[in-house]
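Novice: Following this message is one structure expressed as structure tokens.
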Amino acid sequence: MDLGLPFAIGAAIVWGVYIFVLKRSFSGYPPAGLTVLINAAAIVWFLPVTVATTDFGGPSPVADPAGALSALGGSIAGVDPAAAAVVAGTATATAAAFVLFLRAIEGGDVSYVTPINKVVPMFVLPLEVLLLGEVLAPIQVVGVLVATAAVYVANYEPGSLLAPIVSAIHSRPAQLALVSAACYALSDLGKRVALQELAIPGTLWVPLLLAGAGLVLLPGAIRNPPAVTRRDVPKFLAAGAVVALGEHLTTVAFAALPASVASPVINTQAIVAVVLGGIVLGERYFRIRLLAALLAVVGVTMIAL
């Protein structure tokens with residue numbers, strides 16, 4: 001727990017900065033194409049780490065090229081079906097959650113849809129307890145609830161406190177946002193299973209997840225390709241570096257923590273983004289955002305006890 005929590009907090013900060021940068025620098029790009037390109041850039045940054053740290057179980061291709069090819073063929077033939085299914089399922093859930101969220105904000109206000117979409121930990125906690133037999137101390141459960149409430153408050157605008165939840169019964173965008181949150185929860189559970197139960201190396205998991213999500217979104221990117229100029233290339237490389245770092249920190253966190261603990265901490269990324277928006281861009285309701293930040297600190301502290 002002590003090892004993984006700093007990485008989860010670091011991931012929240014990195015992803016919060018990433019959301020803020022996306023809002024400021026990539027608002028004109030189609031989402032599917034943008035994600036595919038940034039994921040590709042992240043893989044380029046991270047692949048040397050994967051090659052340097054992963055034992056592929058074969059001889060050096062320079063010393064024995066024939067033996068290396070034979071070992072590679074054997075490793076492909078001997079791929080664990082369970083591991084392959086978890087990788088594919090997690091990547092698909094991640095991409096589906098993203099697409100559903102985009103459809104939700106197309107039909108509803110961002111300020112209305114986003115708080116509903118950020119209740120991911122509320123799905124993760126019961127699923128992990130029921131399916132994986134996870135046991136948390138009562139104070140940690142309360143911490144998860146407080147951190148989840150903090151994410152909701154960070155995206156809340158004054159009005160009826162329960163209006164977004166009550167309206168979800170009849171609102172199509174709200175329903176899509178809830179389904180998206182459930183998909184993100186399945187993605188978080190998949191990460192925990194892949195990294196803990198199946199012991200997939202973290203440095204191998206990162207490019208697998210990025211490539212899998214990119215492949216799922218590739219048809220949409222081809223139908224509506226982003227117009228990238230040469231001047232944009234440094235922006236995409238920089239965003240890819242941030243994503244590579246964020247995925248690495250997220251992976252280490254999920255390898256060491258229960259998903260029901262890692263998920264609410266990492267989802268406080270929304271608070272980082274909105275606080276940055278309030279400080280740098282002067283966005284509205286900054287006091288509410290600061291209250292959300294305080295709740296997040298309290299929730300994470302309770303989880304760490």
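Novice: So Asp232 ticks every box in (1) surrounded by 14 or more Cβ atoms within 10 Å (Cβ to Cβ); (2) in contact (Cβ under 8 Å) with a residue 24 or more places away in the chain; (3) over 18 Å from Ala97 (Cβ atoms) but one. Which box is left unticked?
Specialist: With (1) surrounded by 14 or more Cβ atoms within 10 Å (Cβ to Cβ); (2) in contact (Cβ under 8 Å) with a residue 24 or more places away in the chain; (3) over 18 Å from Ala97 (Cβ atoms) applied to Asp232, the lone miss is (2).
Novice: Of the residues Phe56, Phe46, only one is over 30 Å from Asn267 (Cβ atoms) and either modelled with pLDDT of 90 or more or of a type in the set (Phe, Trp, Tyr) (or both); which?
Specialist: Being over 30 Å from Asn267 (Cβ atoms) and either modelled with pLDDT of 90 or more or of a type in the set (Phe, Trp, Tyr) (or both) holds for just one of Phe56, Phe46, which is Phe56.
Novice: Do any residues in the stretch 1-30 that are farther than 17 Å from Phe98 by Cβ have Cβ atoms under 6 Å from those of residues that are of a type outside the set (Phe, Trp, Tyr) and assigned to a loop (DSSP other than H, G, I, E, B), where the two are at least six apart or on different chains, and which pairs are they?
Specialist: Gly4/Leu257; Ala12/Thr268
Novice: Tell me which helices (runs of 4 or more DSSP H) are completely within the stretch 156-232 and hold 2 or more residues being at pLDDT 90 or above, closer than 14 Å to Val119 by Cβ and not aliphatic (A, V, I, L, M), or say none if there are none.
Specialist: 172-192
Novice: Under 8 Å between Cβ atoms, at least 6 apart or on separate chains: pull out the pairs that start in the stretch 131-143 with a residue that is surrounded by 11 or more Cβ atoms within 10 Å (Cβ to Cβ) and end on any residue that is at pLDDT below 85 and outside any helix (DSSP H, G or I).
Specialist: Ala137/Leu305; Ile139/Leu305; Gln140/Leu305; Gly143/Leu305
Listed here are the residues, each with its yes/no results for (1) over 16 Å from the mean Cα position of the chain (by Cα); (2) at pLDDT 85 or above; (3) closer than 25 Å to Thr268 by Cα; (4) not hydroxyl-bearing (Ser, Thr, Tyr).
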residue: Ile9; (1), (2), (3), (4): no, yes, yes, yes
residue: Ala12; (1), (2), (3), (4): no, yes, yes, yes
residue: Trp15; (1), (2), (3), (4): no, yes, yes, yes
residue: Leu22; (1), (2), (3), (4): no, no, yes, yes
residue: Ala52; (1), (2), (3), (4): yes, yes, no, yes
residue: Val62; (1), (2), (3), (4): yes, no, no, yes
residue: Ala68; (1), (2), (3), (4): yes, no, no, yes
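Novice: Ok, one more. I'd like the full set of residues that are aliphatic (A, V, I, L, M) and either in contact with a helix residue (DSSP H, G or I) (Cβ under 7 Å, 6 or more places away or on another chain) or part of a helix (DSSP H, G or I) (or both), limited to the stretch 132-147.
Specialist: Leu132, Leu136, Ile139, Val141, Val142, Val144, Leu145, Val146, Ala147 - these are the residues of the stretch 132-147 that are aliphatic (A, V, I, L, M) and either in contact with a helix residue (DSSP H, G or I) (Cβ under 7 Å, 6 or more places away or on another chain) or part of a helix (DSSP H, G or I) (or both).
The values are calculated or read from the model by the stated rules, or taken from the named source; none is laboratory data. Quick caveat: nothing in here was measured; it's all calculated off a predicted structure. As a convention, Cβ positions derive from the backbone with ideal geometry for all residues, glycine included, and neighbour counts pool all protein chains shown.
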